[in-house]
1. Considering only residues that are touching a helix residue (DSSP H, G or I) at 6+ places or on another chain (Cβ under 6 Å) and either without any contact (Cβ under 8 Å) to a residue 40 or more places away in the chain or within 10 Å of residue 16 (Cβ to Cβ) (or both), look in segment 98-107 and name the one that is surrounded by the fewest Cβ atoms within 10 Å (Cβ to Cβ).
2. Scan segment 109-142 residue by residue and report those that are within 18 Å of residue 6 (Cα to Cα) and crowded, with 17+ Cβ neighbours inside 10 Å.
């Protein structure tokens, strides 16, 4: 049984919604998104007993800051970059759908598989095979949708 073009279009829109949803999640709750990906909690240094650390600023002065706060800032910046990536892909997919270009949607979904493969690899390394398999299954589903859209 083959799917109709309108069904493939809806499946492509589901991928767009997925990208936008993941991006919004990472932007709205960066710490929770980082925990989900396995990049959190903050690494602890065995050599220090306090959470205070010092760092040099550009003008040579030294200021004290919490290593957890620094980690939170870095996590927030990383999640914002992931969010921008995901939201931009989702918006591009919506634009291709609006222009009625299913081949372009499929091509973009398939080219996004490079990013998905990297995500799956790092989640696998950080969270284990269960989370890697879950994310890999989602990526495989999106890949199948991309192939279907290209084949229209």
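1. That would be 104.
2. 109, 142, listed by residue number.
Read-outs throughout are calculated quantities, based only on the coordinates presented, and are distinct from any laboratory measurement. Fair warning: this is a prediction, and the values are worked out from it, not measured in the lab. For neighbour counting, all protein chains shown are included, and Cβ atoms are generated from backbone atoms with ideal geometry for every residue, glycine included.
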